[in-house]
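Enquirer: Quick one: the structure is below, questions incoming.
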Amino acid sequence: MRENIIYISYLISAVLFILGLKMLSHPKTARNGNFLSAFGMLIAICATLFERNVINYQLIIIGIILGSAIGAFLAVTVKMTEMPQMVGLLNGYGGLASALVVVSEYVRLYPTPTLYEISTILITLVIGLITFSGSLVAYGKLQGIVTGQPVTYPFQKTLNLLQFFVIVTGAIFLFMHPEHILWAGVICAISFSLGIFLVLPIGGADMPVVVALLNSYSGMAACAAGFALSNYALIVTGALVGASGMILTRIMCKAMNRSLTNVMFGAFGKVEASATAATNGKAKSVQGYSVDDAQIVLENANEVIIVPGYGLAVAQAQHNLRELADMLEAKGVEVKYAIHPVAGRMPGHMNVLLAEANVPYEKLYEMDQINTEFERADVALVVGANDVTNPAAKNNPGSPIYGMPILDVDKAKTIIFLKRSMAAGFAGIENELFYLPKTMMIFGDAKKTVVDMVNVLK
Amino acid sequence: MIFGEFLITLYILVLAIFVGFEVITKVPPTLHTPLMSGSNAISGISVVGALLSAGYGETNLATVLGCVAIVFATINVVGGYTVTDRMLKMFKKK
């Protein structure tokens, strides 16, 4: 009877999680969906506490209070620009939690786990620990503790293969002698180091893909733990998270026109040096314009499309930009925002940053929606973005970003670039738009320039 | 575990993956960051496994490991849902 109630509760939780995700399909319903999902989690936790075997409540209460306090502190204090790090860290904790659960299970079943038990335990352990250490490195790279440059070293692939081989050998040995705790320890250690070695060679620019992929892994770890414990709640939920991470990984790869293998093993940043060197040879001149020049163009426009890039967030100019947009709208100009999928540092990051600055969500347009609109726009105002507007992605097969989908900024009647300097973008590639007669370059700190624009418009 | 039981589990897994793909492809790019933090929160479901590990009678290595797992899983649950709510609150209509 008790068992049945617990299983039905898990079913209800799973349904609530799915409904919660479904309600994320629109910003209007999303918040309630999140509540629903949280309620589902509460049901799952309460149902588990009801389990017959659970009798030691002291440890549980200590753990829950400690975890809640840390979690709440992180969630309340994190800045929106730091969201990729936060998600990265949580991916890692999810992986670690699943790994710890199965280690505990191994200790409990020791020395006689069945073949099924030991194999599910090992799979969870490997995925969970790779997720954990990989996420820590990703966190370090995003936070600037670890270098954002791709770290390469000789025999990189050989070393990874070797580690993989040790894990497989250890696993086969444990299948036959599940009581050899030393081998279990070796597998844990190597899984942990493999996670580090896999993420370290990936450049900072590719971290959005890595974070999405590790998101998926943390779900797979929970799912595998579900098999180890024969717990349906973990299996269903882990599968949902695994699927979600996979979809996001695919979207990010597509937005950068790279295959997952290329991101994982390509060490992207390395190509940059040669590409920059090659283009620097031709000396072209660019004409700088002033804020007053821009004001005339902006005020006389019917439609302005703003293209924000991460440089906007670095300069903390989101709020000023929204103010500028408000003033233009007050003068009868229609303002829209064009968001490239890799505009921020993780999927959907730019949207959150603009939402924080009170930009209404219906003004944010995806690449496919807005690209046909640029020909009608009088002005494309590019703030802190570069590579995502670069036509070289379309017409220069030699360019490292060739094939990447871009925003068709070049179709607008006038292009205004707010840029710190003439330095090339993230990928280190020149942008031919800077040299077009219809382009107005305004150099300087994005925040200062936007503030000046607001003042001039007043 | 008996093979039949394993098969049922496999059924559940495969169907859950399909549901996941169907539901999540409908999430608009605008909400992809909250989707990720929200899925962090629900991957904290390993708290269920952790509770079982920590809850067994005597205190030994297994229960202590379970307890540490509870801490990390709860960070995910509480941190994930709270930060997701913080973000979703900001998405407003004009």
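The values are calculated or read from the model by the stated rules, or taken from the named source; none is laboratory data. Note that the coordinates shown come from a computational prediction; the quantities given were computed from them, not determined experimentally. Positions of Cβ are backbone-derived with ideal geometry, glycine not excepted, and every protein chain shown enters the neighbour counts.
Enquirer: Quick one: which of A:Val450, A:Val382, A:Val388 is crowded, with 17+ Cβ neighbours inside 10 Å and assigned to a strand (DSSP E or B)?
Expert: Of A:Val450, A:Val382, A:Val388, the one residue that is crowded, with 17+ Cβ neighbours inside 10 Å and assigned to a strand (DSSP E or B) is A:Val382.
Enquirer: Mind listing whichever residues of segment A:77-96 are closer than 25 Å to B:Met87 by Cα and facing chain B (nearest Cβ under 7 Å)?
Expert: Hits for segment A:77-96 are A:Val78, A:Met83, A:Met86, A:Val87, A:Leu90, A:Asn91, A:Tyr93, A:Gly94.
Enquirer: Test A:Tyr116 against the stated conditions and say whether it is out of contact with any Leu (no Cβ under 9 Å at 6 or more places or on another chain), modelled with pLDDT under 95 and in a helix (DSSP H, G or I).
Expert: The answer is yes for A:Tyr116.
Enquirer: Give A:Thr124, A:Thr77, A:Thr158 a once-over and let me know the one that is without any contact (Cβ under 8 Å) to a residue 24 or more places away in the chain and under 24 Å from B:Ala73 (Cα atoms).
Expert: On inspection, the qualifying residue turns out to be A:Thr77.
Enquirer: Collect the residues in segment A:25-55 that are facing chain B (nearest Cβ under 8 Å) and among the charged types (D, E, K, R), keeping them in residue-number order.
Expert: Correct list: A:Lys28, A:Arg31, A:Glu51.
Enquirer: Identify all residues within segment A:326-337 that are in contact with a Phe, Trp or Tyr (Cβ under 8 Å, 6 or more places away or on another chain) and within 12 Å of chain B (Cβ to nearest Cβ); write none if there are none.
Expert: Hit for segment A:326-337 is A:Tyr337, nothing else.
Enquirer: Okay, moving on. Within segment A:245-252, identify whether any single residue is of a type outside the set (D, E, K, R), surrounded by 22 or more Cβ atoms within 10 Å (Cβ to Cβ), within 20 Å of A:Ser119 (Cα to Cα) and within 8 Å of chain B (Cβ to nearest Cβ), and answer yes or no.
Expert: no
Enquirer: Just to be sure I understand, how many residues within segment A:305-325 are assigned to a strand (DSSP E or B) and either within 11 Å of chain B (Cβ to nearest Cβ) or under 21 Å from A:Leu142 (Cα atoms) (or both)?
Expert: Final tally of qualifying residues: 1.
Residues checked against (1) under 23 Å from B:Val23 (Cβ atoms); (2) under 23 Å from the mean Cα position of the chain (by Cα); (3) part of a helix (DSSP H, G or I):
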{"site": "A:Gly20", "(1), (2), (3)": "yes, yes, yes"}
{"site": "A:Gly33", "(1), (2), (3)": "yes, yes, yes"}
{"site": "A:Met41", "(1), (2), (3)": "yes, no, yes"}
{"site": "A:Arg52", "(1), (2), (3)": "no, no, no"}
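Enquirer: Let me ask something additional. Please verify whether A:Ala239 is in contact with a Cys (Cβ under 8 Å, 6 or more places away or on another chain), facing chain B (nearest Cβ under 7 Å) and small (Gly, Ala, Ser), treating the condition exactly as stated.
Expert: Considered against the rule, which asks whether it is in contact with a Cys (Cβ under 8 Å, 6 or more places away or on another chain), facing chain B (nearest Cβ under 7 Å) and small (Gly, Ala, Ser), A:Ala239 comes out as yes.
Enquirer: Can you say whether B:Val48 is assigned to a helix (DSSP H, G or I) and either within 7 Å of chain A (Cβ to nearest Cβ) or at pLDDT 95 or above (or both), as far as the supplied structure shows?
Expert: Here the answer is yes, as B:Val48 does meet what is asked.
Matching residues to (1) away from chain B (no Cβ under 14 Å); (2) at pLDDT 95 or above; (3) within 24 Å of A:Met246 (Cα to Cα):
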{"site": "A:Lys157", "(1), (2), (3)": "yes, no, yes"}
{"site": "A:Asn160", "(1), (2), (3)": "yes, no, yes"}
{"site": "A:Leu174", "(1), (2), (3)": "yes, no, no"}
{"site": "A:His180", "(1), (2), (3)": "yes, no, no"}
{"site": "A:Gly195", "(1), (2), (3)": "yes, yes, yes"}
{"site": "A:Leu198", "(1), (2), (3)": "yes, no, yes"}
{"site": "A:Gly204", "(1), (2), (3)": "yes, no, yes"}
{"site": "A:Gly219", "(1), (2), (3)": "no, yes, yes"}
{"site": "A:Ala224", "(1), (2), (3)": "no, yes, yes"}
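Enquirer: In addition: Conditions: (1) assigned to a helix (DSSP H, G or I); (2) touching a helix residue (DSSP H, G or I) at 6+ places or on another chain (Cβ under 8 Å); (3) among the polar types (S, T, N, Q). A:Gln369 meets all but one. Number of the miss?
Expert: The number of the failed condition is (2).
Enquirer: Going by what's in this entry, would B:Thr30 be described as assigned to a helix (DSSP H, G or I), touching a strand residue (DSSP E or B) at 6+ places or on another chain (Cβ under 7 Å), at the interface with chain A (Cβ under 7 Å from one of its Cβ atoms) and over 15 Å from A:Ile235 (Cα atoms)?
Expert: The answer is yes for B:Thr30.
Enquirer: Please go through segment A:338-349 and pick out each residue that is crowded, with 24+ Cβ neighbours inside 10 Å and either among the hydroxyl-bearing types (Ser, Thr, Tyr) or within 9 Å of the chain's Cα centre (by Cα) (or both).
Expert: A:Gly344, A:Met346, A:Pro347, A:Gly348, A:His349
Enquirer: Going through B:Glu22, B:Glu5, B:Glu58 one at a time, which residue ends up being more than 7 Å from chain A (Cβ to nearest Cβ), of a type in the set (D, E, K, R) and not in a helix (DSSP H, G or I)?
Expert: When all the criteria are applied, what remains is B:Glu58.
Enquirer: Taking segment A:181-236 on its own, how many of its residues are farther than 17 Å from B:Ser43 by Cβ, outside any helix (DSSP H, G or I) and among the polar types (S, T, N, Q)?
Expert: 1
Enquirer: Would you mind stating whether A:Val209 is surrounded by 24 or more Cβ atoms within 10 Å (Cβ to Cβ) and either within 20 Å of A:Met367 (Cβ to Cβ) or in contact with an Asp or Glu (Cβ under 6 Å, 6 or more places away or on another chain) (or both)?
Expert: yes
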